[in-house]
Amino acid sequence: MSLSNPSGASEAQNDVSQSDRDESVHTDADAKRWAPYLQAARRVHAAYPLFDGHNDLPWAVRCGFDMRLSDVDLTADNSSLLVPGIPWGKIHTDLPRLRAGGVGANFWSVYIPTSLEGPAAIQATLEQIDIVHRMCDR
């Protein structure tokens with residue numbers, strides 16, 4: 001398995017080429033070709049909302065905002081906001097993008113790095129749980 005081919009399938013087994021996966025190379029012909037599939041996917045998606053089981057927002061709040069959830073405007077599209085301290089540089093979650101993506105719910109579990117051990121791991125876990133509770137209360 002590789003990052004460029006996470007399924008482990010050979011390119012011959014994978015009927016979606018790299019250009020099909022790369023949004024930056026889509027053309028009008030691509031849009032027409034994929035339109036029926038997109039319409040069908042949207043119908044299914046409208047009937048069965050997506051439950052997001054992986055969301056890095058609590059860790060982003062911790063790293064980029066010193067656990068101050070009040071400093072994060074989740075009502076704005078933050079897709080272009082660069083946030084120093086967040087390992088991946090940007091907030092991946094905000095309400096406009098959740099709505100646009102049809103996310104119906106998030107299943108929250110908390111992340112802490114495996115480098116934390118003992119009391120530091122326990123403290124970080126409890127702080128991450130606190131961030132999730134505060135997010136849900138908002």
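What to note about this one:
- Given (1) in contact with a strand residue (DSSP E or B) (Cβ under 9 Å, 6 or more places away or on another chain); (2) modelled with pLDDT of 90 or more, number of the condition Gly104 does not satisfy: (2)
- Selected residue (criterion: most open to solvent (accessible area, probe 1.4 Å)) from residues of the stretch 5-32 that are at pLDDT 50 or above, in a helix (DSSP H, G or I) and within 22 Å of Arg97 (Cβ to Cβ): Glu23
- Any hit, the stretch 59-79, residues being farther than 20 Å from Asp130 by Cβ and in contact with a strand residue (DSSP E or B) (Cβ under 9 Å, 6 or more places away or on another chain): yes
- In summary, helices (runs of 4 or more DSSP H) completely within the stretch 33-138 and bearing 3 or more residues that are touching a residue at least 24 places away in the same chain (Cβ under 8 Å) and within 15 Å of the chain's Cα centre (by Cα) occur at 57-65.
- Residue check for Arg68: closer than 30 Å to Arg43 by Cβ, charged (D, E, K, R) and either open to solvent by 90 Å² or more (accessible area, probe 1.4 Å) or in contact with a Gly (Cβ under 7 Å, 6 or more places away or on another chain) (or both): no
- Restricting the stretch 125-138 to residues that are open to solvent by 40 Å² or more (accessible area, probe 1.4 Å) and of a type in the set (A, V, I, L, M, F, W, C), the residue that is nearest to Phe51 (Cα to Cα): Cys136
- Any hit, the stretch 35-47, residues being hydroxyl-bearing (Ser, Thr, Tyr), at pLDDT below 90 and open to solvent by 90 Å² or more (accessible area, probe 1.4 Å): no
- Considering residues of the stretch 93-124 that are touching a Leu at 6+ places or on another chain (Cβ under 6 Å) and among the hydrophobic types (A, V, I, L, M, F, W, C) only, the residue surrounded by the fewest Cβ atoms within 10 Å (Cβ to Cβ): Leu95
The values are calculated or read from the model by the stated rules, or taken from the named source; none is laboratory data. Since the model is a prediction, treat every value here as computed from it, not as a measurement. Cβ sites come from the backbone with ideal geometry, for glycine too, and all protein chains shown count toward neighbours. Areas reflect the complete protein model, heavy atoms only, side chains present, ligands, DNA and RNA absent. Shrake-Rupley method; radii C 1.70, N 1.55, O 1.52, S 1.80 Å.
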